[in-house]
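Notes for the one structure printed next.
Every read-out reported here was derived from the displayed coordinates using simple, explicitly stated rules and does not represent laboratory data. Note that the structure is predicted; figures quoted are calculated from it, not measured. We place every Cβ from the backbone using ideal geometry, glycine too, and count neighbours over all the protein chains shown.
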Amino acid sequence: MGRRETEATRRRRAELARYRQGPNGKWESNAKKAIARRAKQKSWRIGPLLASCRAKKAAQDASNLKAARRLAQALRTVADEASLQGLISELDSLSVNAKLLRRTLIPKLLREVSPQFPQLKSKVSPLIAKWRSIFVRETAAKEQKQGSPAREQGATLPIMRRPQRSSSSSSSSSSSSSSRSSSCRVSSPRPEVKTLRPRKPLKQRRITSFLRL
């Protein structure tokens, strides 16, 4: 009498059969098995690779923020044109993003100190314009990614207002209806139609002062 098979044994045998036959049940050669195995092994490394990339980016952002705060403090105490020119060179080479600009306010500080040295206006204006472009682009991309339910609902549900009748037409219609009320049947009142009012657009977030022209 043979050995009795359990349900778990049958499931395991079926699982091994599917693995040996491939995802579509048509393994044609061991070469295809090897290709699929290598692809599966390579995919295991994606998770640690993404984690290391995120860690590197976080470290780089922290370093840039530290440098930006140091330069912001130097802008508050700048005293001569040569010092400001050196700070402008460092600020131009600094990698910035919208979050860094919002937290350090270096564009505002640079704009406040630049009128004291009008000779450097040709270098200050392009730098502030570059920062403004970065800020606007990243902010717009973030808002587009998050989405605005209220604005989308207002855009997908256009509501037309009913035209109002003039007083003369309303008075004439009321008189004519009263004169014909005896001869005409009384019609049932029409149900009141409630019109939806569009929601007010969301208030824009506070934009830092360096974006104002």
Overall dimensions of region 52-146 as given by Cα atoms, namely Rg and Dmax in Å: 14.3, 45
In nanometres, what is the gap between the two model label sites at Leu16 and Ala79, each 7 Å from Cα along Cα-to-Cβ? 8.4
The Cα radius of gyration of region 1-107, divided by 2.2 N^0.38 Å with N its residue count, comes to 2.30
Beta carbons within 10 angstrom, averaged per residue: use that to sort the peptides 81-92, 97-108, 116-127, highest first. 97-108, 81-92, 116-127
Could you check the spin-label model distance between Val136 and Leu50? Points 7 Å from the Cα along Cα→Cβ, value in nm. 3.4
Point-to-point label distance, Lys57-Arg3, nm (Cα→Cβ direction, 7 Å offset): 5.3
In region 4-85, the trypsin sites (Lys or Arg not before Pro) that sit in a DSSP loop and have at most 16 other Cβ atoms within 10 Å of their own Cβ are Arg4, Lys26, Arg45
